[in-house]
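Notes follow the structure.
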Amino acid sequence: MATKISIKNLPLGYQSIISNGRHAIVGDEPLTGKGTDLGFSPEDLILAALASCKVNTVRFIARKKGWEIRDVDAQLELAVKRNADRSLVSTVQVFLKIEGDLTDEQRAELLREADHCYVHRMILGEWNIAQATDFPEKPATEQ
C-alpha cells in the first residue's frame, strides 16, 4: 500500500496540520521565513524521517542478531548550497550513537546498516513527482 500524507494549511503563518490518517503533527516555517515557528519546517521533516529510519534500522538489526543494545540516538545536520545554475546540493552530516556492549565489528555493522536504511536509499534513488490539481475520487489502490 502506498504511503499517503494529507496536509491542511492554516491561515496563521505557514502552519499546517500534517496527517497520515492515524497521527498528526504541526508543520510551519521559522520566523525568518515569515512563519510562526510553531512546528517542524519541511527540512526538519526530511531529516526527522531519515534519522528515524536510521535508528530504527540499528535497533531492528541488533534485535535480529540478538545483540544487546540500549539507547540509539541520532543527530542530523543539513547544509544546502545553491549552484550557479540554481540547482541545490544538500549535505547531511549524521551523528549516530549506539549504547551497548558491542564489539568494534558489531558497531561497524550497525552503522553500515544504518547507511542502507530504506529512507536513505529512497532519498538517493530516482524520484518521479507527478502533480495533479484535483484530489482523486478513490484511493489509487481501489481504481
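Only the coordinates and a few stated rules stand behind these numbers; no lab work does. What you see is a predicted model; the values in this text were computed from it and never measured. Here the Cβ is made from the backbone with ideal geometry for all residues, glycine too, and neighbour counts use every protein chain on show.
Under a Cβ-Cβ cut-off of 14 Å, what is the net charge of the residues other than residue 105 that fall near it, where Lys and Arg count +1 and Asp and Glu count -1? Every neighbour counted, the sum reads -1. Report Rg/Rh for segment 70-143, rounded to two decimals, where Rg is the Cα radius of gyration and Rh the Kirkwood radius. Dividing the radius of gyration by the Kirkwood radius yields 1.15. Can you tell me the 0 to 90 degree angle between the C-alpha axis of helix 42-65 and the longest principal axis of the chain, rounded to 10? Between helix and principal axis, roughly 30 degrees. Provide, in order from the shortest bin, the percent of all Cα-Cα pairs of the chain in each 5 Å bin, continuing until the bin that contains the maximum pair distance. Reading the bins upward from 0: 2, 7, 13, 15, 16, 17, 13, 9, 5, 2, 0. In the chain the longest region clear of GluC sites (Glu not before Pro) that are loop-assigned by DSSP and have at most 12 other C-beta atoms within 10 Å covers 1-67. Only lysine pairs 8 or more places apart, or on different chains, with alpha-carbon atoms under 20 angstrom apart are counted in the chain, and they number 8.
Expressed as a rounded percentage, what relative contact order does segment 1-40 have, with Cα pairs under 8 Å and six or more residues apart?
Reported relative contact order: 31 percent.
Using a cutoff of 8 angstrom between alpha carbon atoms and counting only pairs six or more residues apart, the relative contact order for the chain works out to 16 percent. Distance between the pseudo-spin-label points of residue 118 and residue 102 (7 Å out from Cα toward the beta carbon): 2.1 nm. Dividing the convex hull volume of the alpha carbon atoms of segment 1-40 by its residue count gives 61 Å³ per residue. For the chain, the longest principal axis of the alpha carbon atoms and the long axis of helix 104-114 meet at an angle near 20°. Among the trypsin sites (Lys or Arg not before Pro) in segment 17-98, those placed in a DSSP loop whose Cβ has at most 14 other Cβ atoms within 10 Å are 22, 34, 86.
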